[in-house]
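S.K.: What follows is a structure written as structure tokens; I'll ask about it next.
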Amino acid sequence: MNETTLPPGSPNPALDATCSTSLPDGIGAVIFDFDGTLADTTANQEQSLRTALQPYGLDLDPDWYRRHFGLSIHDLLAALPGARQLPHDEIISRSRAHLLAHIHTITPIACSVALLHTAREAGLPCAVASGASRILVQPGIKALGLSSQFEAVVTREDVARGKPAPDLFLEAARRIGAPPERCLAVEDAPDGIASALAAGMHVLRVVDGHLAPTSESAENTAGLPSRDGAPIPRGCVLGRAAARRAASQSGPASVPAPPTADSDR
């Protein structure tokens with residue numbers, strides 16, 4: 001049987017049929033996270049860190065890594081048992097070199113890419129807001145064949161605070177000229193969801209490769225900061241309207257900055 005190979009970044013009708021790619025009313029722009037949202041990079045990142053640790057005789061437990069995935073590599077190394085005294089800068093350099101050498105192996109998350117194409121066909125501007133370093137995000141976008149799809153790519157170097165602070169999403173909205181309240185953010189990680197909610201945006205979450213409204217994954221945002229800096233209670237979703245109400249009652253947003261000012265990857 002002959003198989004048709006689609007160019008990178010092209011919509012696949014067979015995959016699109018399994019994805020819900022409708023856009024909520026009133027949306028004027030879509031802003032995507034990269035790792036775990038547009039690209040399935042978890043396995044590559046885990047292997048890259050494991051490879052970087054090997055010269056120091058330290059193994060990376062898969063269960064431990066999956067519990068801590070989403071932290072910056074600096075915070076991962078700070079929390080990793082046995083890694084505190086190791087040369088973190090050298091390990092990070094080794095890990096990034098491994099990631100770049102294998103960047104061509106990353107795969108797209110089909111439902112997110114399908115939503116991207118839906119937004120572009122509707123004439124909406126799209127952007128990337130990633131807590132990772134530009135040195136990894138730009139080649140990753142290129143490897144997926146999506147470079148022409150985004151009006152802006154915002155990475156950790158571009159803002160003062162990383163996720164869960166709202167800075168990355170707000171800067172992406174600013175660059176594409178879209179009011180935050182009219183932006184749809186697409187994210188996979190709790191810190192990213194908290195960041196988008198703090199920015200006052202609508203949010204879809206990537207769950208097992210599919211897109212779910214935040215109401216379907218509200219438990220995963222429990223305890224993370226809302227726009228007013230208070231934790232989001234378990235089972236509660238802070239949407240755009242609720243975020244605005246909280247802001248009007250409590251004054252300007254006050255979202256704690258992450259422990260490190262360095263890039264996520």
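The values are calculated or read from the model by the stated rules, or taken from the named source; none is laboratory data. Owing to the predicted nature of the structure, the values given are computational and were not obtained by experimental measurement. Methodologically, a virtual Cβ is constructed for each residue, glycine included, from the backbone with ideal geometry; neighbour enumeration extends over all protein chains shown. When the accessible area is computed, the model is the full protein with side chains, heavy atoms only, and any ligands, DNA or RNA have been set aside. Shrake-Rupley method; radii C 1.70, N 1.55, O 1.52, S 1.80 Å.
S.K.: Under a 5 Å amide H to amide H cut-off, with H placed in plane at 1.01 Å, what residues pair with ALA29 once short-range neighbours are removed?
M.R.: Result for ALA29 returns LEU184.
S.K.: Quick one: compute the contact order of the stretch 65-185, relative version, from alpha carbon pairs under 8 angstrom and 6+ residues apart, as a percent. Don't skip to the end; give the middle numbers.
M.R.: Working: 105 pairs, mean separation 23.7, N = 121.
It comes to 20 percent, rounded to a whole number.
S.K.: Kindly rank 193-199, 176-182, 120-126 from highest to lowest mean number of other beta carbons found within 10 Å of each residue.
M.R.: Result, highest mean first: 193-199, 176-182, 120-126.
S.K.: If you don't mind, there's one more thing I want to ask. Say each of ALA79 and HIS102 gets a label point 7 Å from the Cα, pointing the same way as Cα to Cβ; how far apart are those two points in nm?
M.R.: 2.1
S.K.: Going by accessible area, probe 1.4 Å, with all protein chains left in place, what is the ranking of THR214, THR37, largest first?
M.R.: Correct descending sequence by accessible area is THR214, THR37.
S.K.: May I ask you to compute the full-extension gain from HIS68 to ASP158, defined as 0.36 nm times their residue separation minus their alpha-carbon distance, rounded to one decimal in nm?
M.R.: Stretched out fully, the HIS68 to ASP158 stretch lengthens by 30.0 nm.
S.K.: With label points built 7 Å along Cα→Cβ from the Cα atoms of ALA122 and SER93, find their separation and express it in nm.
M.R.: 4.6
S.K.: Here's something else I'd like to know. Roughly how many nanometres apart are two label points built 7 Å out from the Cα toward the Cβ at GLU181 and GLN54?
M.R.: Here the modelled spin labels are 5.4 nm apart.
S.K.: Another question about this same structure. I need the phi-derived Karplus couplings for the stretch 127-132: 6.51 cos²θ - 1.76 cosθ + 1.60, θ = phi - 60°, integer Hz, Gly and Pro marked x.
M.R.: Once θ is set to phi - 60°, the couplings for the stretch 127-132 become 9, 10, 10, 10, x, 7 Hz.
S.K.: What is the gain in length, in nm to one decimal, between ILE27 and HIS210 on full extension, counting 0.36 nm per residue of separation less the C-alpha to C-alpha distance?
M.R.: Gain on stretching ILE27 to HIS210: 63.9 nm.
S.K.: Would you mind telling me the share, in percent, of accessible area of the stretch 106-203 contributed by carbon and sulfur at probe 1.4 angstrom?
M.R.: Working: 1580 of 3030 Å².
In the stretch 106-203, the share of accessible area belonging to carbon and sulfur is 52 percent.
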